[in-house]
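For reference, the structure discussed in these notes is given below.
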Amino acid sequence: MGVRPARLPLDRGADRLAAGTARRPESSSLVHYVSSRGRVPDLSFEGVMRAGLAADGGLYVPAEWPRLEPAALRELAGAPYREVAFRVMWPFVDGFEEARFRELIAEAYAGFAHAEVAPLVQIGPGHWLMELFHGPTLAFKDVAMQLLGRMFDEVLDRRGERVTIVGATSGDTGAAAIEAFRERQAVEVFILYPDGRISEAQRRQMTTVDAPNVHTIAIQGTFDDCQALLKGMFNDAGFREELRLSAVNSINWARVLAQIVYYVYAAVQLGPERPVRFVVPTGNFGDIYAGYVAHRMGLPVARLVAATNRNDILHRFFQSGEYRPSTVVATQSPSMDIQVASNFERLLFDLCDRDGAEVSTLMRQLETEGRFVVGDNRLGPARALFASASIDEAETTATIRRVREMTGMLVDPHTAVGIAAAWAGGLDATPTINLATAHAAKFGDAVARAAGTAPALPAHIADLYQREEHFTVLPNDLEAVQAHIRAQVH
Ligand SMILES: *Cc1c(COP(=O)(O)O)cnc(C)c1O
């Protein structure tokens, strides 16, 4: 894609890397990171992992893209997932010993129910699903969280620090964070969810984890109340310092990094040099942005298709250049019921030729006017790589049913949104890979309604409904929540 002329740095300082490893850019032996708003100093990988959001409100991105040369791609075809993971991520990482980083990768993915971690399954001529739901909580967020949890813990441990991670969840993210941080030494985790307002499977994935550092709190209120409590805690400087509050939300660069891997893993299997099309169920734009990074590194990607449900801000942007949040509507694919796609700012930074001042101006407009518009000079390059579709509820249901009829497989509503988008765009000689982001059993009710048959929980969590639950119910009251957290940590 011609967002910015790809720089092809000569390779220096890469001699200690195995053949086939992505090459670090020439300017320094380590990738460093800049903010998309351009008003804070560059940071190292370890710095951005600990910081999350930049202090100027921006998101960190690599200053340059490490390269995956054709020879490296050929080497990766057929390599095990862990090996691809190491070779893709290593040039972005600092602060870890190579052997230790390999170990963390191995540990992160050892608990996946499928040995391939992200297997490809063919569902039609030239059409594949990439199954990303074999982790402990049955959604793709495990792929990044399982590694981030271990990296985070290691860095804190080395620095002799402890942090308190607090999060608010309406479903998938909380469970993935709990599974990633359970029994980690340097981290205490508190997840707030709205009492009685998430599915039983989602609740049980959080509350049945029996680990001393995991605390699940049912708030007597809505998801918005939970988010307001979270904001209240972070805005209370005394409390924030005292407990060393931290967050691991989807804007953390380390989460994007771990997601680049499966794009490479899948494409080289069908290539390794043949361009492929990825269709990605999209909410916060984190997952599909990782595909964009793979492309910038040199992976042959013909198209990235952003598939949204009725919450279609991104689809409208790719159609018109206008970015304008509207009201969130509830759908069968709740993990994409999002109006402001936080990771989109990372792409916008490239579309603006990496001009942080221009991004800041657009973001200020978004805040004050509720929208911004980019011109054809910005939209054109985006549309050279990205396509998009918005899929309504009826089409999602029909797609679940049709996939079942065609293949005998049950797909979850998020995955179905992606498949519907792939069909709508048309399949051709370019191989199409649809990201399957959740296991059908995670959204069993919606799937059963659509397909007329209920998906079974996979073996490793088959006893989910028999496990004992641990949680605390608290009123929607900031002081009560703070008192509870303080008492648990001290
Ligand atoms: C989080 C999530 C998505 C959306 O991913 P983004 O990175 O937010 O675009 C899609 N499907 C499922 C099942 C999810 O949990």
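Key figures
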{"read-out": "Protection proxy ranking, peptides 297-306, 338-347, 413-422, average beta carbon neighbours within 10 Å, highest first", "value": "413-422, 297-306, 338-347"}
{"read-out": "Carbon + sulfur, % of accessible area of the stretch 56-128 - ligands and nucleic acids excluded, 1.4 Å", "value": "52 percent"}
{"read-out": "Gyration tensor (alpha-carbon) shape descriptor, the stretch 117-195, a/c threshold 1.5", "value": "oblate"}
{"read-out": "Per-residue HN-Hα couplings for the stretch 431-444 [Karplus 6.51, -1.76, 1.60; θ = phi - 60°; Hz; x = Gly/Pro]", "value": "x, 10, 10, 8, 6, 8, 8, 9, 6, 4, 5, 5, 10, x"}
{"read-out": "The stretch 326-476: relative contact order in percent, alpha carbon pairs under 8 Å with at least 6 residues between", "value": "17 percent"}
{"read-out": "Over the stretch 409-490, relative contact order from alpha-carbon pairs under 8 Å, at least 6 apart, %", "value": "25 percent"}
{"read-out": "Environment charge at Y323 (Cβ cut-off 9 Å; Lys +1, Arg +1, Asp -1, Glu -1)", "value": "+2"}
{"read-out": "Within-14-Å neighbourhood charge of A218 [Cβ basis; K, R +1; D, E -1]", "value": "-2"}
{"read-out": "Those GluC sites (Glu not before Pro) in the stretch 173-261 that DSSP places in a loop and that have at most 14 other beta carbons within 10 Å", "value": "E183"}
{"read-out": "Cα principal axis extents for the stretch 413-490, largest first, Å", "value": "60, 28, 22"}
{"read-out": "Surface share of carbon and sulfur [accessible, 1.4 angstrom probe, percent] for the stretch 215-273", "value": "46 percent"}
{"read-out": "Prolate/oblate/rounded label for the stretch 295-350 (Cα gyration tensor, a/c 1.5)", "value": "prolate"}
{"read-out": "Orientation-averaged projected area, Cα convex hull of the stretch 40-128 (nm²)", "value": "8.5 nm²"}
{"read-out": "DSSP beta bridge pairing in the stretch 272-404, given as percent antiparallel to the nearest 5", "value": "15 percent"}
{"read-out": "Cα-based shape type of the chain, given that a ≥ b ≥ c are square roots of the gyration tensor eigenvalues and the cut on a/c is 1.5", "value": "rounded"}
{"read-out": "The stretch 337-408 - Rg (one decimal) and Dmax (whole number), Cα, Å", "value": "17.4, 52"}
{"read-out": "Most positive-pole-ward Cα, G124, M145, Q227, against dipole of the stretch 106-245 from beta carbon charges", "value": "Q227"}
{"read-out": "Beta bridge orientation in the chain: antiparallel %, DSSP, nearest 5", "value": "25 percent"}
{"read-out": "Accessible area per residue in Å² at 1.4 Å probe, computed on the chain", "value": "37 Å²"}
{"read-out": "Estimated [θ] at 222 nm from DSSP helical runs (n ≥ 4, -39500 (n - 2.57)) normalised by residues in the chain, nearest 500", "value": "-13000 deg cm²/dmol"}
{"read-out": "Length-normalised contact order of the stretch 103-256 in % [C-alpha pairs under 8 Å, at least 6 apart]", "value": "21 percent"}
{"read-out": "Residues listed by number, the stretch 282-325, amide nitrogen under 15 Å from E369 label point at 7 Å toward C-beta", "value": "321-325"}
{"read-out": "Sulfur and carbon atoms: percent of accessible area, the stretch 378-419 [1.4 Å]", "value": "48 percent"}
{"read-out": "Dipole axis of the chain (+1 Lys, Arg; -1 Asp, Glu on Cβ), positive-most option in P413, G58, A387", "value": "A387"}
{"read-out": "DSSP-assigned coil residues among chymotrypsin sites (Phe, Trp or Tyr not before Pro) in the stretch 394-490, each with at most 10 further Cβ atoms within 10 Å", "value": "none"}
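The values are calculated or read from the model by the stated rules, or taken from the named source; none is laboratory data. Bear in mind that the values here come from a model prediction, so they are computed numbers and not experimental data. A quick note on method: Cβ atoms are made from the backbone with ideal geometry, for glycine too, and the neighbour counts reach across all protein chains shown. For accessibility, only protein heavy atoms count, side chains too; no ligands or nucleic acids. Shrake-Rupley method; radii C 1.70, N 1.55, O 1.52, S 1.80 Å.
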